[in-house]
1. Can you give me the number of residues within segment 542-574 that are under 24 Å from ASP520 (Cβ atoms) and either out of contact with any Cys (no Cβ under 9 Å at 6 or more places or on another chain) or assigned to a loop (DSSP other than H, G, I, E, B) (or both)?
2. Select the helices (runs of 4 or more DSSP H) contained entirely in segment 439-538, then report the ones holding at least 2 residues which are under 30 Å from THR605 (Cβ atoms) and open to solvent by 50 Å² or more (accessible area, probe 1.4 Å).
3. As an exercise: evaluate PHE568 against (1) within 20 Å of LEU623 (Cβ to Cβ); (2) without any contact (Cβ under 8 Å) to a residue 12 or more places away in the chain and give the number of the one condition it does not meet.
4. What number of residues within segment 475-494 are of a type outside the set (Lys, Arg) and either touching a Lys or Arg at 6+ places or on another chain (Cβ under 8 Å) or within 25 Å of LEU276 (Cβ to Cβ) (or both)?
5. Taking segment 646-656, which residues are modelled with pLDDT of 80 or more and either touching a Leu at 6+ places or on another chain (Cβ under 9 Å) or exposed (fewer than 11 other Cβ atoms within 10 Å of the Cβ) (or both)?
6. For segment 526-565, which residues satisfy the criterion of being within 30 Å of ASP262 (Cβ to Cβ) and among the hydrophobic types (A, V, I, L, M, F, W, C)?
7. Would you mind stating whether ILE532 is in contact (Cβ under 8 Å) with a residue 12 or more places away in the chain and touching a Pro at 6+ places or on another chain (Cβ under 7 Å)?
8. Can you tell me which residue among SER670, SER659 is open to solvent by 30 Å² or more (accessible area, probe 1.4 Å), polar (S, T, N, Q) and in contact with an Asp or Glu (Cβ under 7 Å, 6 or more places away or on another chain)?
Amino acid sequence: MAKTKNKKRPQADVLSSKKSIVKAKKNNPFEIHVNKEKHSIIGRQLKHDRGMPGVSRSKALKRRKDTLGQEYINKNKTNSFKDKRIGEKSMSKEEAASARFVAERLNQFKAKEKRHSLFNLNEDEDVLLTHKGQTLEEIEQFDDPMSSDEDDEELGKLDSKFTDSAHFGGGRDEDGGSNRKMAIEDLIAEQKRRKNEISKEKEEVSEMTQILDSNWRSLLPLMGKLSKDDDEVKPKPDEYDRALREMIFERRGEVSDKLKSDAEILKEEKEKLEKLEKDRLKRMLGVTEEERKPTHRSADDLDDGYYMQTAIVDNQVLAYNMNGDGKAEDTDDEDIDKFGQDKDVEKPVDAEGESKDLEDSEEDGEDDEEDDEGEDSEEASGEEDDGDNLSDLKDESDSEEEPIAEKKAAPKKGRQTDEPKPIVMTETERKQMMEKASAELPYTFDLPDSYEDLADLLKNRNAEYQNVIIERMIKSNHPKVIPENKERMNVLFAYLLQHINDVFFEPTPKSVSKCFMIIDRLCPHLYDLSHINPEQTTMSFQGVIKEKQNDFRENEKAYPDLDVLVFFKLASTLYSTSDFRHHVCTPCFMFINQILTRCAVQSGTDIAKGLFLTVVVLEYTQLSKRFLPSVLNFLLGVMFLSVHKRPIEIQRIIPPFKSRGAASELLVLSENADVKSVSQQKMIATDLVQSDINDSFKVRALNTALNLTAEYLSLMGDNVGAQLLAEPFSDMLDKLQLDEHPAFVQQSADKVEKIISKIMETKLTYLTPPNQKPKVLRLMEPLFDKVYDDKRSHKPGNKDTLVHKGMIRKVKSETRGAIREIRRDNAFLSKIKLKKRMESDAERKERVRQIFSEASLQQSELNALSRKKKHM
């Protein structure tokens, strides 16, 4: 037979087999303990049929050492060791080593800097070394100037001949004194000659170096031309290069001062107003700027003259007439109390709605500020042209800083030894100044204690004056400056609401525009006050709405006056109207719905008030895109009032409009009406109070209703029922006779028709029931009931009883296990205590043995010494 060679196994197989041999660990059969059963049951799983008691015992012992043993060691010990080394737990060894090295170098650097800062006192100062009045940096030119130190050394040396004759080393001759004198003179002359020669040589050398430098500079351009090509054309920079240069050379942002907080700004404004008020009160008493400055008084002055001394304490002016006997005479308080009160009840109003007296007082205030506070002339002229800017309200910082800076920058023409002569005012000029100051408004106001005080303060004032008064009152008493005024600001908010109610109570056609101007000026201040304490101001506004609602319920058929409608507009300005539910806007919204639903339209003012409310509702629903049916019904009713009605024909209309009667044709044009030339397209403020209806009012009302209809329909374009809402308007537009109306009314009607046609073209989606989940078919699966009867017990029971017994059995087994574990823990602790005690006893015995051995040695030495003493 042919012999077969043993083939070598691959190396990988060998390694894998070795690994498997290493991994496979056989248990010692002598360590395995088998629990025998009397009866074997098929299907029963036993957890403890076999086990390894030794391994389990060693694991339990290790677990107790790590837990219970450590607790016993740390018993009655409060200190603990914390490893604060860098990167010990979160980094690798290399990263931790590098981080520790960096931290150590940083600590060394900080220590070095600390030592330098302790002993180097001039470290932060620039120490400049100077030479002949110039710093070394200025005179350093990197050239080689000729130093005269070597020449001075050569000049300072004396010859040996002179030293032999003049010093003590030589002998003395008969004419030694004269020879010495002549020798010194010769030496001085020789020194001067040599110095002259050296200076001439230096000048010649410096001239030669300058000539060489100039020749070298003249040759440099030629050398540059030889080295570079003259015909070389530099490429033009592209867009990238230009952008790069702009980014490189653009101006860096400069560090600005810290922005001031709102409290700091308000505090500065309050101080500024107080200062201006003090100056105004002084001017009102005839005290000029020059008279306020302290004058020189000699020690021998007996106060023979008569002068006026003013003292301002807590914004109250006390005027004293001081004379020789030192008595004081009080001035009249009436002059002080006249803080710009208007004498006339009604002031002439120009085309822009501003009072003419306001411009006059404004110009006077500007002149005073130019004389006393240095206000810029250009700003003053600009304010006079505007007529609405109120120079006494302007921020004086802008007008005062420029002239002050100009005064500081003005060059001094010489030393002024003589003091400037004070300007002496005549009695006429002083009187004019006092009148102008008394005509101005005060710069500071205290918060009113009652509504009557505020009403007296704002009485017979136009809108601009009321704006200034409220603004200065808030700035002077703002809660961020004076926290105690927070509650009083809520009272001021309530007073302003009452003031608006009084302003709009029964207005006349002439004053209604003024009323709206007042609320326009006060709205910003009401907005600020409402945000100081929102909860209290909201409750105040709710109280006003509740009061108006109660008054409306007494007569629900009549439209309320302007003192009710204006608060709806004010609510949309002060609060958020897009919220789903708001404490103020939601009640106002429902109140408007009641008015448009229940109030009957009997006159032109009712139509104007209803259109005013529709505009307010449009502001309420602009963002939330809500829908109020009463608004669309009112707009449809206004269009219905413009339709010609035949006696036979009966047209349907939804209340509160009536299909018959005089009130059903309020907006129908008269037969001979010529409205083609009507230019006014919008409603005006006087329409809210005038009950007369003319052709111009009819055209404007219809045009406004058409424009509002277009706005509402475009706003409801995405609504599901938009087609149903737009259909009545389409039918009403067909009935309108727009040929008699101006062109802008026809354009508005065309706009509405386009929107309606666009809405009608949209397809409606069919209603479909929601998709339901299909029912699962019942399958014929067997039902298994759990049997709780224990076959070992002959007493069958119900489910609850058997579960309760099972739980009791488990509790008993767990209790036995816990007792067993506690017993083992006690045994483990006792072993630790015994081991520790044995170690301490062994240590004590070893120490006792050492002590006895040392004592025996000492005793033997003492015995030896005693024996030696006996033999001696």
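The values are calculated or read from the model by the stated rules, or taken from the named source; none is laboratory data. Not measured: the values here are computed from a predicted model. Cβ placement follows ideal geometry from the backbone for every residue including glycine, while neighbour counts extend to all protein chains displayed. SASA here: full protein model, heavy atoms, side chains in, ligands and nucleic acids out. Shrake-Rupley method; radii C 1.70, N 1.55, O 1.52, S 1.80 Å.
1. We begin by selecting, within segment 542-574, every residue under 24 Å from ASP520 (Cβ atoms); these are 542-545, 547-548, 559-574.
Subsequent filtering for residues that are either out of contact with any Cys (no Cβ under 9 Å at 6 or more places or on another chain) or assigned to a loop (DSSP other than H, G, I, E, B) (or both) retains 542-544, 547-548, 559-561, 563-565, 569.
The number of residues fulfilling the criteria is 12.
2. Values: elements: 451-458, 463-476, 486-503, 512-532.
Helices (runs of 4 or more DSSP H) meeting the threshold: 486-503, 512-532.
3. Every listed condition holds for PHE568 apart from (2).
4. So in segment 475-494, the residues of a type outside the set (Lys, Arg) come out as 476-479, 481-485, 487, 489-494.
With the extra rule that they be either touching a Lys or Arg at 6+ places or on another chain (Cβ under 8 Å) or within 25 Å of LEU276 (Cβ to Cβ) (or both), the set shrinks to 476-479, 481-485, 489, 492.
Count: 11.
5. Across segment 646-656, the qualifying residues are ARG652, ILE653, ILE654, PRO656.
6. First, pick out the residues of segment 526-565 that are within 30 Å of ASP262 (Cβ to Cβ): 526-544.
Within segment 526-565, LEU526, LEU529, ILE532, MET539, PHE541, VAL544 meet the criteria.
7. Values: in contact (Cβ under 8 Å) with a residue 12 or more places away in the chain: yes; touching a Pro at 6+ places or on another chain (Cβ under 7 Å): yes.
Yes, satisfied.
8. Working: SER659 fails: in contact with an Asp or Glu (Cβ under 7 Å, 6 or more places away or on another chain).
On inspection, the qualifying residue turns out to be SER670.
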